[in-house]
Amino acid sequence: MLFFRGINSINMDTKGRLAIPKRYRESISEASDNQLVATIDLQSPCLLVYTMDEWEVIERKLMALPNMDSKARLVQRLLLGHASEMEMDGSGRVLLPPLLREHAKLEKEAILLGQGNKFELWSKSAWDASRPDMLDIASVGDVSESLASLSL
């Protein structure tokens, strides 16, 4: 199983192409034959980027949701509807579709954030604006039950 970690400052060109950092390329190539899938994040102004094999696991879970549940249909509509396949070229670049770039307000400077089974792709300005709030929320003494047992 792939595990993506770390924060990477990357640049996107005027055509919407960005280069995946070299340290991830071989793993992506081996795991999913250079195939990636990007979709919107429902909670933050960023994109979620998965290897194809990992996306297929997520996709099956989404498709198993009951389609008579209006919230489930909404989540399916948004995540599956925005899911866009991308192929990493020989230089490690992928082309992000315009609608996804627009959703995340991506411009030249971007942040690629490893999140274990996926990446988050943020505009640098949105990341810089959101990070202080995230740090404040994370540092508050009141933690959820699931975090209470975490020892760092």
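The values are calculated or read from the model by the stated rules, or taken from the named source; none is laboratory data. Keep in mind that this is a model prediction, so the values were computed, not measured. The protein model used for the area step is the full one, side chains on, heavy atoms only, and it has no ligands, DNA or RNA in it. Shrake-Rupley method; radii C 1.70, N 1.55, O 1.52, S 1.80 Å.
Brief remarks follow.
- Annotation: extensible slack from Arg5 through Glu56 equals 16.3 nm (criterion: 0.36 nm per residue apart, minus Cα-Cα distance).
- Taking one quarter of the surface of the C-alpha convex hull of the range 34-83 gives a mean projected area of 3.4 nm².
- Per-residue SASA entry for Thr14, accessible area with 1.4 Å probe, Å² rounded to 10: 140
- For the residues Met86, Met68, Met52, a 1.4 Å probe over the protein chains yields an accessible-area ranking, largest first, of Met68, Met52, Met86.
- Within the chain, helices built from complete DSSP H runs that reach 15 Å or longer along their own axis (Cα positions) and carry a mean Kyte-Doolittle hydropathy of 0.0 or higher are 70-82.
- Option label - Rg and Dmax of the Cα atoms in Å computed here, alternatives (i) 16.3, 47; (ii) 16.7, 55; (iii) 14.5, 50: (i)
- Compared with the direct C-alpha span, the chain from Glu30 to Glu87 gains 19.2 nm at full extension, assuming 0.36 nm per residue.
- Averaging the sequence gap over all C-alpha pairs within less than 8 Å and six or more residues apart, then dividing by the number of residues, gives the chain a relative contact order of 33 percent.
- Lysine pairs in the range 56-143 with Cα atoms under 23 Å, if 8 or more residues apart or on separate chains: 6
- Residue-averaged [θ]222 nm for the chain, counting only DSSP H segments that reach four residues, each worth -39500 (n - 2.57): -12000 deg cm²/dmol
- Take the chain with all the other protein chains still there, run a 1.4 Å probe, and you get 63 Å² of accessible area per residue.
- Percent carbon-and-sulfur accessible area, the chain, ignoring ligands, DNA and RNA, probe 1.4 Å: 52
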